[in-house]
Amino acid sequence: MKRLALFLSCVVLSTSLWAQVKLTATTDKTDLALDDELTLTVQVSGANGNIVMPQLPSLPAFNVYSREVSQSTINGKTTSIFKYTMLPRFVGKATIGAITFNYQGKTYQTQPMEIRIYRTAPVTTKGASAATVTTTNHPATSDTDLSQLPPLERELATRAYAHQGQPYFVVAAVSNKKPYVNEPITLTVRFYYSKAFYDAPYQNPTLSNLFMEEAGDAQGQQTVNGIIYRYEEKRYRLTGVSQGEATIGSASVSFRPGSSPLSVLDRFFGGAAVEPEQTVSSAPIKLQIRPLPTQGKPDSFYGAVGTGYAFAAKLDPTQTEAGEAVTLSATVQGPGNLKTTTDLQFPPIEGLTAYPAVPVSNYLPNSTSRSYKIFKTVLVPAASGTYTIPALHWSYFDPQTSTYKTLTSTPLSLTVAPSSKAASQFDFGHSENGSTGVQTIGQDIRYLISADPPAPSWLATLSNWGWLHGVVLAWLAICIFIASIGKKSAAKRQAYVQAKAHLKKATTYEHISDAISAYLLAKWKISTASLPLRSIVEALEKKGVKPQVRQQFSTLWEKLESARFAPAQADTQTRTQFSEQALALLKALEGTK
Amino acid sequence: MKRLLAALFITAICVIPTCLRAGDIKATAESFYRNGQYAQALSAFEQALKNAPNDPYLYYNIGNCYFKMGSKGLAVAYYYRAFKANPQNSDIRHNLSLALASGGDSLVPTGMPETLHRALFILSLTELKGLLCLAGWMACFFAGLWLLTHKAGKLTLVLGGIFVLLAGWFYLRHSLENEPLAVVASPVVELRSGPGKNFPASAAVQQGHLVRVLDSKDNWQEVIVRSEGLKGWIEQTALERI
């Protein structure tokens, strides 16, 4: 029994624990960019049966564009997850207030969450320079301290009083309704609300005869007759384009009052109906653009209108060499966008060649109302010396005094040394201090040549003597021919001389026949080694050798053959006779043509 | 004799006014040039060139007119023609170098010493041809003499060596001067990947740049920009052949 009671008590305790409702809210990030999205997840655990949607607080800083609901039951425990995808609307710190959930007469709440919204990149307006658009949180304005506000703020706050009692309204005001042409003025548009809203797209005002740039956002709070209003503010810089009337149209905000809309699923769970869209607009504003006075307009006026301008000139470097470039820059700072002003005209400076550069203009860092413009020109001195850059003038129109005022820079000095490059390139002689005394100032083509065309040189004339090629080649051919003939005759002459010498030195019959054989071979290419006597004689006949000489050759040749093969019968006297006969034969053969 | 005198008289009548007229044109052109009327000076010099084609000084003067008028491409073309005809003239060399330098080019090829380039161009191609002929003739003469007499053998060898060196010099100069060169005459021309405007442009080439012509199709020339080594196609109308 005790065991049964213990079991039952455990079941009841576990059931009561199981039925405990838990509400949590989380976001996927706490810091996000303006073009990023935020997911808010609300989780309800332990609530069974039909439940209503959690109630979101007013989320003026976000547009909720997507909702998802999912439900799961595990072991009898139901968990409902509500996901809201939201887009941030304003830069700055946004608070997601407490989310409430009612279940079985009990109200559950989450802790508020802080989200920081950043701008990813500066907002740029087409035709305007990149300006930093900032969001500021104004201090709360109460009913009593309006007089302490600046004129434009006071104007806006005062206009807000005209809408007292309305939960949503838009007001707009300008800092000056009668500006001069190109005078910068400020337009501020505020969307006041004292109740929650969502899906609030903003529509910029339409303009005529005005140039507009965004100048930032702000958020703030103002109490109007005891009702606390929050407002979203947008600021613009305006400049009048030309004299005459200018119009600022209505700026409007379309929104849906109340909390975030509910989906079909929300309604199924007992949500409320969606509120219809409402639109609130500001009243149009008319401006009268005044022309700039022509009287007293200085030459150095380039279109700047305003007060508080500063102007300075700088030379970089202040010392250089001839032919080297230095940069003269003039910087002007002041209200409005100086980019719309025309460019400063640098005065010509004798001895310096100027190459103007494109000016640079932008807003000053951490400022949305003051800009700067830098005019630059590159100066190249032609020769050494000291140059004075005269004072530069820059004028603007002061709308407060309706007069032109001129700012003047201080004169600058440029010291130019002789060019070291020029000295090394053109050395026309030495001087005592090492300087050549000649500087390169510039380069140009040389002057015309007025002389008559140069007469062809003798070498050029020679090139036209083509006929001489033939003559020279003919000469060479003749020489080669003659030389070749001479070589043959010389060989033949040499044959006789050599044979004669051999005969004189001959000590045997063989020597004598060898000398005759060598002669015949050299003179007539007749080889006696392989031919019988009869063939040798026939060859001699073909060469035109006379019959007596041929007979003389045959007789001697036979005797020599006998003496060679029967040497015993021969003596020195006989050999000498053979030598003499051989010499006589050679003489006879030499006489043959 | 009478006929000879008559012929000489008629020749003198024909030639003398032509010479005077050419001198007048040059003087007029120079006057225009001095007054900064470069277009008129150009017209006059071009007229004078018709009477004396291949006059290097007229090419030079026309180049000067184009340079002053801002047509550096045409200036380079005319200076180059003058340089080919008379490479020894320092004024022609100076102006050609200056005009080429304005387009980023150089007369002296990269890596070649200036002195060597001057030595290479100390003679005109015609003069070099004459010198080569002379050396050849002398070498042949002495070779023949040696064949006949077996004398002056060393002189023949020296002359033969000189002839070979001159032949190498002539070949080099001939190759350089017959290189198919052109200059960009339009202010800026696009270098395209093919012979047509439907091919994308890979580079923009300013006037005065020297290009080597490789091929031709219709009105397009395939070129290599010498200073940059870029290859592509350029419209023929934008080029001036040298």
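The values are calculated or read from the model by the stated rules, or taken from the named source; none is laboratory data. Model, not experiment: these values are computed from the prediction. FYI the Cβ positions are ideal-geometry reconstructions off the backbone, even for glycines, and counts take in every protein chain you see.
Taking residue A:487 as the residue in question, decide whether it is away from every other protein chain (no Cβ under 14 Å) and surrounded by fewer than 12 Cβ atoms within 10 Å (Cβ to Cβ). So residue A:487 does not fit the description; no. Somewhere in segment A:387-407, is a residue of a type in the set (A, V, I, L, M), at pLDDT 80 or above and under 30 Å from residue B:38 (Cα atoms)? No, segment A:387-407 has no match at all. Would segment A:366-381 turn up any residue that is modelled with pLDDT of 85 or more, among the aromatic types (Phe, Trp, Tyr) and surrounded by 18 or more Cβ atoms within 10 Å (Cβ to Cβ)? Within segment A:366-381, one or more residues are modelled with pLDDT of 85 or more, among the aromatic types (Phe, Trp, Tyr) and surrounded by 18 or more Cβ atoms within 10 Å (Cβ to Cβ). For segment A:490-526, taking the residues that are exposed (fewer than 12 other Cβ atoms within 10 Å of the Cβ) and in a loop (DSSP other than H, G, I, E, B), the one that is nearest to the other protein chains (Cβ to nearest Cβ) is identified as A:525. The requirement of being assigned to a loop (DSSP other than H, G, I, E, B), within 11 Å of chain B (Cβ to nearest Cβ) and either modelled with pLDDT of 90 or more or surrounded by 15 or more Cβ atoms within 10 Å (Cβ to Cβ) (or both) is not satisfied by residue A:478.
Please verify whether segment A:409-423 includes one or more residues that are at pLDDT below 90, closer than 30 Å to residue B:79 by Cβ and within 14 Å of another protein chain (Cβ to nearest Cβ). No: zero hits. Within segment A:461-475, restricting attention to residues that are more than 8 Å from chain B (Cβ to nearest Cβ) and among the aliphatic types (A, V, I, L, M), the residue that is farthest from residue B:23 (Cα to Cα) is A:474. Does residue B:50 meet the test of being more than 8 Å from chain A (Cβ to nearest Cβ), surrounded by 21 or more Cβ atoms within 10 Å (Cβ to Cβ) and of a type in the set (D, E, K, R)? It is false that residue B:50 is more than 8 Å from chain A (Cβ to nearest Cβ), surrounded by 21 or more Cβ atoms within 10 Å (Cβ to Cβ) and of a type in the set (D, E, K, R). Entry remark, segment B:192-209: residues being modelled with pLDDT of 90 or more and under 19 Å from residue B:179 (Cα atoms) number 0 in total. Whenever a residue of segment A:449-466 is at pLDDT 85 or above, its partners that are among the basic types (Lys, Arg), lying with C-beta atoms within less than 7 angstrom and at least six residues away or across chains, give the pairs A:463/B:129. Which of the residues spanning segment A:127-182 are assigned to a loop (DSSP other than H, G, I, E, B) and at pLDDT 80 or above? Listed by number, the residues that qualify are A:162, A:163, A:165, A:166, A:167, A:175, A:176, A:177, A:178, A:179, A:182.
A count restricted to segment B:103-127 and to residues that are within 13 Å of chain A (Cβ to nearest Cβ) and in contact with a Gly (Cβ under 9 Å, 6 or more places away or on another chain) stands at 1. Filtering A:365, A:348 for residues that are touching a strand residue (DSSP E or B) at 6+ places or on another chain (Cβ under 8 Å), assigned to a loop (DSSP other than H, G, I, E, B) and either free of Cβ contacts under 8 Å to residues at least 12 places away in the same chain or assigned by TED's automatic domain parsing to the domain that holds residue A:325 (or both) leaves a single hit, A:348. Filtering segment B:79-102 for residues that are facing another protein chain (nearest Cβ under 8 Å) and closer than 30 Å to residue B:160 by Cα leaves a non-empty set. Among the residues of segment B:128-138, the one identified as closer than 21 Å to residue B:80 by Cβ and within 7 Å of chain A (Cβ to nearest Cβ) is B:129.
Could you look through segment B:53-78, keep only residues that are facing chain A (nearest Cβ under 9 Å) and charged (D, E, K, R), and pick out the one that is nearest to residue B:40 (Cα to Cα)? Result: B:68. Residue A:358 meets all of the listed conditions (1) more than 30 Å from residue A:217 (Cβ to Cβ); (2) in a strand (DSSP E or B) but one, namely (2). Could you say whether any residue in segment B:116-124 is under 12 Å from the mean Cα position of the chain (by Cα) and part of a helix (DSSP H, G or I)? Looking for residues that are under 12 Å from the mean Cα position of the chain (by Cα) and part of a helix (DSSP H, G or I), one finds none in segment B:116-124, hence no.
Quick grid of which residues meet (1) in contact with a strand residue (DSSP E or B) (Cβ under 7 Å, 6 or more places away or on another chain); (2) within 20 Å of residue B:86 (Cα to Cα):
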position: B:169; (1), (2): no, yes
position: B:186; (1), (2): no, no
position: B:209; (1), (2): yes, no
position: B:224; (1), (2): yes, no
position: B:230; (1), (2): yes, no
position: B:234; (1), (2): yes, no
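Screening B:140, B:133 for residues that are free of Cβ contacts under 8 Å to residues at least 12 places away in the same chain, in a helix (DSSP H, G or I) and within 23 Å of residue B:56 (Cβ to Cβ) leaves exactly one candidate, B:133. Residues that are at the interface with chain B (Cβ under 7 Å from one of its Cβ atoms) and over 55 Å from the mean Cα position of the chain (by Cα) were ranked within segment A:441-460; the one that is farthest from residue B:70 (Cα to Cα) is A:459. Filtering segment B:139-172 to residues that are buried (at least 18 other Cβ atoms within 10 Å of the Cβ) and more than 8 Å from chain A (Cβ to nearest Cβ) leaves B:139, B:142, B:146, B:156, B:159, B:163, B:166.
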